[in-house]
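S.K.: The structure's right below; bear with me while I get my questions together.
Every read-out reported here was derived from the displayed coordinates using simple, explicitly stated rules and does not represent laboratory data. Because the structure is a prediction, the values reported are computed rather than measured. A quick note on method: Cβ atoms are made from the backbone with ideal geometry, for glycine too, and the neighbour counts reach across all protein chains shown.
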Amino acid sequence: MSDEAETEIELQTLPLDAWHRARGGRMVPFAGYHMPVQYEGIMAEHLWVRDSAGLFDVSHMGQLLLSGPNLDDELEKLIPADVKGVKLHGQKYSLLLADNGGILDDLMFTRWEDGIYMVVNGAVKYDDIAHLRDHLPDEITLNHMDEQALLALQGPKAAEALGRLVPGVTDLVFMTGGRFDWNGVPLWISRSGYTGEDGFEISVPGDRAEALADALCAEPEVKPIGLGARDSLRLEADLPLYGHDLDPETTPLMAALGFAVASKRRREEANYPGAARILAEREQGPVVKRVGLLVEGRQPVREGAAVLDADGSEVGKVTSGGFAPTLGAPIAMAYVPAAMAEVGTRIQLNQRGKVHEATVAAMPFVPHRYVRGAK
């Protein structure tokens, strides 16, 4: 049996696998699953999300529910967020940190009535679960909600479309959530996502995901969208992807995620992993930084391309790159020495022996359109 055949057997299927295939989704391996990379084409799908609303299947992500005594205190020993400051149904971005301050994963968590609901990246969810179980006290219960699917509806018309199906959902603002009922199906919905657009993430029982996806795609604003457009959208929006732009050797300050370690109380307590290193970098600046690059010409520069200094020596790496449909130009993310990280700095990139010219750009490349407000 070939390695490819073995890989095929090992891949898991999403609750909507047959639904994607029936709608023409081209399935590829991603994060241990068969996932749709595109339906009608990445460029068209990307622009549809920017103008209307796209439905993404992100059920490969890990949905966890943590509960038990002193949960806030225990979680704050593992992530740098101000967990105690998150109100009921409030949502926050944070990072699971290694002892050296490197990033084991980035995540979103929300305070529910019965605990902390956490969404982690699909490619490392089992590592995250093991890490949490190893480091949290036995009194803390961790429930992997693997019977739930997770759908993301993203775009400027997402609220209009979802609001017809789920009354009251438009009252949510960015980074808040709530429990809703759709035809007797319990939903957890947050106003969030990973495209830079307004939108929602919807946790739904896996056996009802197809009915909900059908209902959403019956709305004139909504089309199913694949991984390809999700990647180009998040790149334009300056949203790093774990395993590419973030890894255990990268600290929050290196990754330009200083907002994730910005709590004054947490800085003063300095009781999360790698706090001494992270706080030193916050004061002095990291040696390397993640930046955005506008690449000259039309050819995209991909992950792995080398960043060159004036002498032609490699001093950094491109971690994400591609064509930005909204801008009509290639863009990239890269780690560069701090001295080269200022906006406007000219950069040379070497991809398979060909040198490309680029300029450090302000990020996000495309402005976020989140619906914010007091809740």
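S.K.: Projected onto the charge dipole of the chain (+1 at Lys/Arg Cβ, -1 at Asp/Glu Cβ, origin at the Cα centre), which of Thr110, Ala361, Ala130 gives the Cα projection farthest towards the positive end?
M.R.: Of the options given, the answer is Ala361.
S.K.: While we're looking at this one, here's another question. At what distance in nm do the modelled label points of Asp72 and Ala270 sit from each other, each positioned 7 Å from its Cα along Cα→Cβ?
M.R.: Each label point lies 7 Å from its Cα, and together they span 2.4 nm.
S.K.: Further question on the same structure: Could you work out which residue, out of Gly353, Gly115, Gly228, moves most in a Gaussian network model of the chain, that is, has the largest mean-square fluctuation with Cα springs under 10 Å?
M.R.: Gly353
S.K.: Further, regarding this structure: Along the charge dipole of the chain, Cβ charges K/R +1 and D/E -1, which of Asn143, Leu65, Ser313 sits furthest on the positive end?
M.R.: Ser313
S.K.: Also, quick follow-up: Treating only the Cβ atoms of Lys and Arg (+1) and Asp and Glu (-1) as charged, compute the dipole magnitude of region 287-361 about its Cα centre; round to the nearest 20 debye. Write down the numbers at each step before the final one.
M.R.: Numbers: 8 positive and 7 negative charges, 49 e Å.
In debye, rounded to 20, region 287-361 gives about 240.
S.K.: In whole angstrom, note down how far apart the Cα centers of region 99-157 and region 312-326 are.
M.R.: What the calculation gives is 29 Å, centre to centre.
S.K.: Going 7 Å from the Cα of Gln12 in the Cα-to-Cβ direction, what parts of region 142-169 have a backbone nitrogen less than 18 Å from that spot?
M.R.: Residues passing the 18 Å test: 142-152.
S.K.: So what is the relative contact order for region 287-361, in percent, with contacts set as C-alpha pairs under 8 Å and at least six apart? Walk me through the numbers on the way to the answer.
M.R.: Values: 192 pairs, mean separation 29.1, N = 75.
About 39 percent, as a whole number.
S.K.: Region 193-235 to region 18-95: how many Å between their Cα centroids?
M.R.: Region 193-235 and region 18-95 have Cα centres spaced 10 Å from each other.
S.K.: While we're here: Let me know the charge dipole size of the chain about its Cα centre in debye, to the nearest 20, where only the beta-carbon of Lys, Arg (+1) and Asp, Glu (-1) is charged.
M.R.: Values: 36 positive and 55 negative charges, 258 e Å.
It works out to roughly 1240 debye.
S.K.: Sum -39500 (n - 2.57) across every DSSP H segment of at least 4 residues in the chain, then divide by the residue count to get the 222 nm mean residue ellipticity, nearest 500. Could you put the intermediate results ahead of the total?
M.R.: Working: 10 runs with 83 residues, N = 375.
Dividing the helical sum by the residues of the chain leaves -6000 deg cm²/dmol.
S.K.: Note down the nm distance, to one decimal, between modelled labels 7 Å out along Cα→Cβ at Arg372 and at Asp114.
M.R.: Using points 7 Å along Cα→Cβ, the separation is 3.4 nm.
S.K.: Go through Lys92/Lys264; Lys77/Lys264; Lys125/Lys223; Lys77/Lys289; Lys92/Lys317 and tell me which ones have a Cα-Cα distance over 24 Å in this structure.
M.R.: On the way: Lys92/Lys264 16 Å; Lys77/Lys264 16 Å; Lys125/Lys223 28 Å; Lys77/Lys289 26 Å; Lys92/Lys317 29 Å.
Listed pairs above 24 Å: Lys125/Lys223; Lys77/Lys289; Lys92/Lys317.
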